[in-house]
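The values are calculated or read from the model by the stated rules, or taken from the named source; none is laboratory data. Model, not experiment: these values are computed from the prediction. Every residue, glycine as well, gets a Cβ built from its backbone with ideal geometry; the counts of neighbours run over all protein chains shown.
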Amino acid sequence: MTRKNFFFKINNITLGSVLVLILVGSIVRSMGAGMGCPDWPKCFGSYIPPISSAQLPNNYREVFKLERLKKNERLASVLTSLGYGNLGTDILRDPAVQTAHEFDVTKAWIEYVNRLVGVVIGLLVFLNMIWAFSFKENRWIPTMGVLVFVLTGFQGWVGSLVVSTNLLKGFITFHMLMALVIVALLIWMQVRAKRLEVFRSKSLFLLVSASFLFFLPQIILGTEVRHLVDGLLVGEPDRALWLEQLTRVFIVHRSYSWIVSICSVAIFILVRKWGIERLKRSSGLLLVTVIATAVVGFVLAEFDFPFWAQPLHLLFATGIFSILFYLILRLRIA
């Protein structure tokens, strides 16, 4: 196997693993285990989580809360020096940051597995970067490999802030968007490395690009809804009451999805009308993924937010993002 062929395998595995991590992270949140480990990178002060609260000091809740507060004070200081003093103040004053978390062995190990998957992906991203240098004739591929590696490390640091700020809304949204940037770069590397054919169609390019731009706010709205659901997960155990307690954000998110659905149907029809054979599979997969996302969204709203549906909804949404970005790379304005 040549180095370039090995790169394609590593790149595909890395991309698939990042999607798995997004799914696993969503499962962690849907089970309310996002703060299963109140510190990072350790879990209750150990690299392997304890199996009983007896292994922890009696005042462990205050100990880890104080450690988290000290970390947030350093973060607030950095934000202030960068001109974001108000954000730093908001972080320090947020009541959720003051929460002292009780040890739950199940939640701790769920979050620990999530972190182990992240470590494996870090290794794959490193291998992806090393083998990207097989394409010396195209400097963009090694450059993107290095960028993915750097962003993955940065993403790990952002993950630590998500923990230290007790799943603060803004950091969760940023964490999700960073994951999508990494997915996009891995797809870009694959397309450039394979030198896939580019189709010139102004109308289709503009339609796909508009669909992509429409979908980005939909993702942000989805993270806002998810943050509201996280709050209900803690404060309202009866899932049947969740829907009526969600704010206007949920209604906008649900209504906005019609735009993306109509665009995906239009893309599907135009690709077949104009006979672009190489894009028929991608446009068909886009339509199927949009329908699957809508169906799961319907299940969430009508069947009291079953925990298994939330990760699937996010995974399908990530699929829509990935396919639209792939189609943009395969199209150009004539």
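Being of a type in the set (A, V, I, L, M, F, W, C), more than 23 Å from Gly25 (Cα to Cα) and free of Cβ contacts under 8 Å to residues at least 24 places away in the same chain narrows it down to one of Leu116, Leu66, so name that one. Answer to the selection: Leu66. Within region 292-305, the set of residues being surrounded by fewer than 20 Cβ atoms within 10 Å (Cβ to Cβ) and without any contact (Cβ under 8 Å) to a residue 24 or more places away in the chain comprises Val295, Phe298, Val299, Glu302, Phe303. The residue pairs whose first member lies in region 265-279 and is modelled with pLDDT under 90, whose second member is not in a helix (DSSP H, G or I), and whose beta carbons are closer than 6 Å, counting only pairs six or more residues apart or on different chains, are Ile276/Phe199.
Evaluation of Phe7 against the conditions (1) out of contact with any Phe, Trp or Tyr (no Cβ under 6 Å at 6 or more places or on another chain); (2) surrounded by 15 or more Cβ atoms within 10 Å (Cβ to Cβ); (3) in a helix (DSSP H, G or I) shows that the sole unmet condition is (1).
Taking the listed residues Val125, Val120, the one that is buried (at least 18 other Cβ atoms within 10 Å of the Cβ), closer than 24 Å to Lys42 by Cα and at pLDDT 85 or above is Val125, with no other qualifying.
State yes or no: is Leu196 under 20 Å from Leu327 (Cα atoms), more than 14 Å from the chain's Cα centre (by Cα) and modelled with pLDDT under 90?
On the way: under 20 Å from Leu327 (Cα atoms): yes; more than 14 Å from the chain's Cα centre (by Cα): yes; modelled with pLDDT under 90: yes.
So Leu196 fits the description; yes.
When restricted to residues that are among the hydrophobic types (A, V, I, L, M, F, W, C) and free of Cβ contacts under 8 Å to residues at least 12 places away in the same chain, region 69-86 contains 2. Comparison of Leu92, Leu127 shows that the only residue that is part of a helix (DSSP H, G or I), within 22 Å of the chain's Cα centre (by Cα) and in the same structural domain as Val162 (by TED's automatic domain parsing) is Leu127.
Selection of region 163-183 for residues being in contact with a Phe, Trp or Tyr (Cβ under 6 Å, 6 or more places away or on another chain) and surrounded by fewer than 19 Cβ atoms within 10 Å (Cβ to Cβ) yields only Leu180.
Filtering region 96-105 for residues that are polar (S, T, N, Q), without any contact (Cβ under 8 Å) to a residue 24 or more places away in the chain, under 17 Å from Leu168 (Cβ atoms) and out of contact with any strand residue (DSSP E or B) (no Cβ under 6 Å at 6 or more places or on another chain) leaves an empty set. Taking the conditions exactly as written (among the aromatic types (Phe, Trp, Tyr), surrounded by 15 or more Cβ atoms within 10 Å (Cβ to Cβ), within 25 Å of the chain's Cα centre (by Cα) and modelled with pLDDT of 85 or more), does Trp188 satisfy them or not? Yes.
Residues that are under 26 Å from the mean Cα position of the chain (by Cα) and over 26 Å from Arg226 (Cα atoms): does region 58-68 have at least one?
So far as region 58-68 goes, no, none of its residues is under 26 Å from the mean Cα position of the chain (by Cα) and over 26 Å from Arg226 (Cα atoms).
What are the residues in region 1-36 that are without any contact (Cβ under 8 Å) to a residue 24 or more places away in the chain and hydrophobic (A, V, I, L, M, F, W, C), if any? Within region 1-36, Met1 is the sole residue that qualifies. Per the conditions (1) in contact with a Phe, Trp or Tyr (Cβ under 7 Å, 6 or more places away or on another chain); (2) in a loop (DSSP other than H, G, I, E, B), the sole criterion not satisfied by Gly83 is (1). Looking only at region 43-59, decide whether some residue is touching a residue at least 40 places away in the same chain (Cβ under 8 Å), assigned by TED's automatic domain parsing to the domain that holds Leu161, under 14 Å from Leu161 (Cα atoms) and among the polar types (S, T, N, Q). Looking for residues that are touching a residue at least 40 places away in the same chain (Cβ under 8 Å), assigned by TED's automatic domain parsing to the domain that holds Leu161, under 14 Å from Leu161 (Cα atoms) and among the polar types (S, T, N, Q), one finds none in region 43-59, hence no.
Residue-by-condition table, conditions (1) under 24 Å from the mean Cα position of the chain (by Cα); (2) within 12 Å of Ser211 (Cβ to Cβ):
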| site | (1), (2) |
| --- | --- |
| Ile262 | no, yes |
| Phe268 | no, yes |
| Glu277 | no, no |
| Ser282 | yes, no |
| Ala292 | yes, no |
| Ile320 | yes, yes |
| Leu327 | yes, yes |
| Arg330 | yes, no |
